[in-house]
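What follows is a set of notes on a single structure, which appears directly below.
Read-outs: derived from the displayed coordinates by stated rules, not from any lab. Quick caveat: nothing in here was measured; it's all calculated off a predicted structure. Methodologically, a virtual Cβ is constructed for each residue, glycine included, from the backbone with ideal geometry; neighbour enumeration extends over all protein chains shown.
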Amino acid sequence: MTLADAELIAERPDERLDTTRLEPYLRERLPGATGKLSVAQFHGGKANLTYLLRFGSARPLPSPPAGQRGERSEPVGAEFVLRRPPLGPIPPGAHDMRREHRVLSALNAAYRLAPQSLLLCEDESVIGAVFLVEERRRGFVIRDDIPPEFAGRPQLNRRIGFALVDALAELHRVDPQAIGLGDLGRVEGYLERQLSGWTRRWQASLGGSEEAASRDGMAPVLRWLAGRLPGERGGALLHNDYRLDNCLLDGTDPARIAAVLDWDMCTQGDPLADLGYLLNYWVEPGDDPAWRAIASMPTWRDGFPSRAEAIGRYAARSGRDVDDILWYQVFAAFKLAVIIQQIYIRYVRGQTRDARFAAYGRRVLGLAAKAGTLIG
């Protein structure tokens, strides 16, 4: 089984696609959608649900043992990736498949790492939600740690870290106007709108839960952010969820990025918002050990560039001023806390039964504490 194959499992019981209407819908609209349809689920996503659709003969996927990755069949026939929002009520503006389809339909020509979106279905009667179908890019994802196949290679780790920064700087060099995305969000007042919008989402996501009172640690963080809002610095296309595990890496050379995934929050705005968000995951060996458990990439492994080196690399590759980067790091910790709280409250309300989300309440508290540490 390849590293790319390890991302696939049989569909989770409560997240199975109903193919009764889906299959004929796809056969009418996708070139190559012939032969038997088989469906597998990409196990790593924590919000949007992502599936591999294969048309052609293939051995069925067995259910994986508890806590283990599932096996999958050898690739035969045409393959596509289907993405849809998570189950349950969706916060306004979140998990926007229409936006992701529009972005990928335009961006693919200017940014080689963006997969091509092939189809948008706005008829929710097909599977119960708006969804898109895009090309499948092959690669593997690094999540909590470097895979054993590539462990113990500090020079490779360094190359991976710099490749991650370079791909972000490359995205921020794309001219949105030139590819028809000039109206995708407003650059003017971006940070002010972001702060007020995510503050509203934070308040709404607490949902009157018993834990809400214990989250008052975020109050001084919000006051600090409001009092130190950076000035306007020009805009770029933002991914808005850019980190290592939203990248597919080449299986023969992990320092080559094969694709950047998950574009449903893409917009125009201050590019340092993307860099700050990435740095929020960039944990160093000397950091508080709790930061690694809260939200991290395996950048604490030997060889990865430090956060300071990543910031310097981005500044050199993008030509942008990064003097206010602390504000963006603090905001990123707050924003991630909101995203995780939105997932956690869905678990509390029984809208998802994914056991991974049971501990998300503690992660939210940890991010509030981290943001407090950053502001001193």
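List of remarks:
- Label-point separation in nm, Arg349 to Asp288, each point 7 Å along Cα→Cβ: 3.0
- Placing unit charges on the Cβ atoms only, positive for Lys and Arg and negative for Asp and Glu, gives the chain a dipole magnitude near 320 debye about its Cα centre.
- The amide H of Thr267, built 1.01 Å from its N in the peptide plane, has Leu238 as neighbours under 5 Å, considering only residues 5 or more places off or on other chains.
- From the coordinates shown, Cα extents along the principal axes in Å corresponds to which of (1) 59, 41, 36; (2) 59, 47, 43; (3) 60, 45, 37: (2)
- Linear extension gain, Glu192 paired with Ala226, 0.36 nm per residue minus alpha-carbon span: 11.4 nm
- With contacts taken as Cα pairs under 8 Å at a separation of at least 6 residues, region 214-299 carries a relative contact order of 28 percent.
- Computed helical MRE - 222 nm, the chain, DSSP H runs ≥ 4 contributing -39500 (n - 2.57), nearest 500: -11500 deg cm²/dmol
- Spin-label model, Asp253/Asp144: points 7 Å from Cα along the beta carbon direction are separated by 3.1 nm.
- Selected from Tyr347, Leu249, Ala236, residue furthest toward positive end of dipole (region 148-375; charges at beta carbon): Tyr347
- Charged-residue dipole, Cβ positions (Lys, Arg, Asp, Glu), region 224-325 about Cα centre, Debye nearest 20: 140
- Neighbourhood net charge (14 Å Cβ-Cβ; Lys/Arg +1, Asp/Glu -1) for Phe162: +2
- Cα-based helix-to-principal-axis angle, 97-107 vs the chain, degrees rounded to 10: 90
- Neighbour count of at most 13 Cβ within 10 Å plus DSSP loop: longest GluC sites (Glu not before Pro)-free window in the chain: 233-376
- Vicinal HN-Hα couplings computed from phi for region 344-356 (Karplus, 6.51 cos²θ - 1.76 cosθ + 1.60; Hz; Gly/Pro x): 4, 5, 5, 5, 4, 7, x, 7, 9, 10, 5, 5, 4
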